[in-house]
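The values are calculated or read from the model by the stated rules, or taken from the named source; none is laboratory data. Note that the structure is predicted; figures quoted are calculated from it, not measured. Please note: Cβ atoms are built from the backbone with ideal geometry, for glycine as well, and neighbour counts cover all protein chains shown. Surface accessibility is based on the protein's heavy atoms, side chains included, excluding ligands, DNA and RNA. Shrake-Rupley method; radii C 1.70, N 1.55, O 1.52, S 1.80 Å.
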Amino acid sequence: MKIGVFYFPADYGINVGELGAALEARGFDSLFVCEHTHIPSSRKTPFPSGGELPKKYVHTHDPFVALSFAAAATKKLLLGTGVCLVPQHDPIVAAKTIASLDQLSGGRFVFGIGAGWNVEEMENHGAHYDTRFKLMRERVLAMKKIWTEEAATYHGDFVNFDAIWSHPKPKQTPHPPILLGGETDYTLKRVVEFCDGWFPRAKPGFDMKGTVTRLHQFAEKAGRDPKTLSTTVFRAAADAATLVGYRDAGIDRALLEVPDLGRDEILRTLDKYVPLLA
């Protein structure tokens, strides 16, 4: 099992290029960065975890720009979004951005996706909470066409365009792996339909063995080979015994949290994580 990290790339935190180089030097598999394009100051939508919204949510760099700096500072580290809020992105522009990042990084991008929770944030992008998953699906399917076809077309309820040329194509074929966040049965159906992996959060009571079993059951029911789907656990426990349990359950990757602290504290945390890579 591979072990990487996720991080809210805050403008007051460690430089993302330096973080990437530090992770690669210590033997980590990957760096995933979180996204919020903005946070509406009304704060009408409650924070899902309860309490006040942490400062880092307001201060994140653009994920693709941040990952570009990490890519320039590394050679092997995988670079992912954890997650990209697809309903807030134009699919033609996003397809170009992702293909460019994948090409320039030598095929190291992983496209972690989600539909979002902040109602006002997505509405400011013209998206609506009730239809966000349908919108996400169409935008991902449209991007896949752009990445894999010379003259791509897509006609849906939310995304419509006649034949277009768009280059570069991604370095990875047919495209970077797409991992969908969430834990519901609806999430699993979407993973099996149009994604390459599942991206569940390790919430209290997280069932390691049951997680992989559920994914495989949904794949088999839909006629898809379970071996074509991976599982990456978000916010995995930084505990050796727990990580061994993940590995034995068939989980492919675990992401540890880089804390919302200063540069020196972050680097010390990475050093504490290193024994878990063995």
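Points to keep in mind about this one:
- Among (1) out of contact with any Ser or Thr (no Cβ under 9 Å at 6 or more places or on another chain); (2) open to solvent by less than 20 Å² (accessible area, probe 1.4 Å); (3) closer than 15 Å to Ser30 by Cα, the one test that Leu229 misses: (3)
- Of the candidates Arg214, Arg224, the single residue that is basic (Lys, Arg), surrounded by fewer than 16 Cβ atoms within 10 Å (Cβ to Cβ), out of contact with any Pro (no Cβ under 6 Å at 6 or more places or on another chain) and over 22 Å from Ser49 (Cα atoms) is Arg224.
- So Arg190, is it open to solvent by less than 70 Å² (accessible area, probe 1.4 Å), in contact with a Phe, Trp or Tyr (Cβ under 9 Å, 6 or more places away or on another chain) and over 25 Å from Trp117 (Cβ atoms): no
- Filter result for Leu53 (within 18 Å of Leu261 (Cα to Cα), more than 18 Å from the chain's Cα centre (by Cα) and not hydroxyl-bearing (Ser, Thr, Tyr)): yes
- Residue pairs whose Cβ atoms lie under 6 Å apart, separated by 6 or more positions or on different chains, with the first residue in the stretch 253-278 and modelled with pLDDT under 95 and the second assigned to a strand (DSSP E or B) and surrounded by fewer than 12 Cβ atoms within 10 Å (Cβ to Cβ), do not occur.
- In a residue-by-residue description of the stretch 209-227, the property of being under 23 Å from Leu79 (Cβ atoms) and of a type outside the set (A, V, I, L, M, F, W, C) applies to no position.
- The residue pairs whose first member lies in the stretch 46-58 and is within 18 Å of Tyr129 (Cβ to Cβ), whose second member is open to solvent by 70 Å² or more (accessible area, probe 1.4 Å) and assigned to a loop (DSSP other than H, G, I, E, B), and whose beta carbons are closer than 7 Å, counting only pairs six or more residues apart or on different chains, are Leu53/Arg43.
- Enumeration of residues in the stretch 146-186 that are buried (at least 17 other Cβ atoms within 10 Å of the Cβ), over 16 Å from the mean Cα position of the chain (by Cα) and within 30 Å of Thr213 (Cα to Cα): Gln172
- Listed by first and then second residue, the pairs linking a residue in the stretch 88-115 that is closer than 14 Å to Lys171 by Cβ and among the small types (Gly, Ala, Ser) to a residue that is at pLDDT 95 or above and open to solvent by 20 Å² or more (accessible area, probe 1.4 Å), with Cβ atoms under 7 Å apart and 6 or more places separating them unless they lie on different chains, are Ala99/Pro168; Ala99/Lys169; Ser100/Pro168; Gly106/Lys171; Gly107/Lys171; Gly107/Gln172.
- Residue check for Phe69: under 22 Å from Tyr12 (Cα atoms), over 19 Å from the mean Cα position of the chain (by Cα) and without any contact (Cβ under 8 Å) to a residue 60 or more places away in the chain: no
The rows are residues; the columns are (1) at pLDDT below 95; (2) more than 17 Å from Ala278 (Cβ to Cβ); (3) within 20 Å of the chain's Cα centre (by Cα).
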site: Gly205; (1), (2), (3): yes, yes, no
site: Gly210; (1), (2), (3): yes, yes, no
site: Thr232; (1), (2), (3): no, yes, yes
site: Ala241; (1), (2), (3): no, no, no
site: Val244; (1), (2), (3): no, no, no
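- Among the residues of the stretch 5-56, those identified as aliphatic (A, V, I, L, M) and open to solvent by 20 Å² or more (accessible area, probe 1.4 Å) are Ala21, Ala25, Ile39, Leu53.
- Residue within the stretch 79-92 that is closer than 19 Å to Leu19 by Cβ and open to solvent by 10 Å² or more (accessible area, probe 1.4 Å) present: yes
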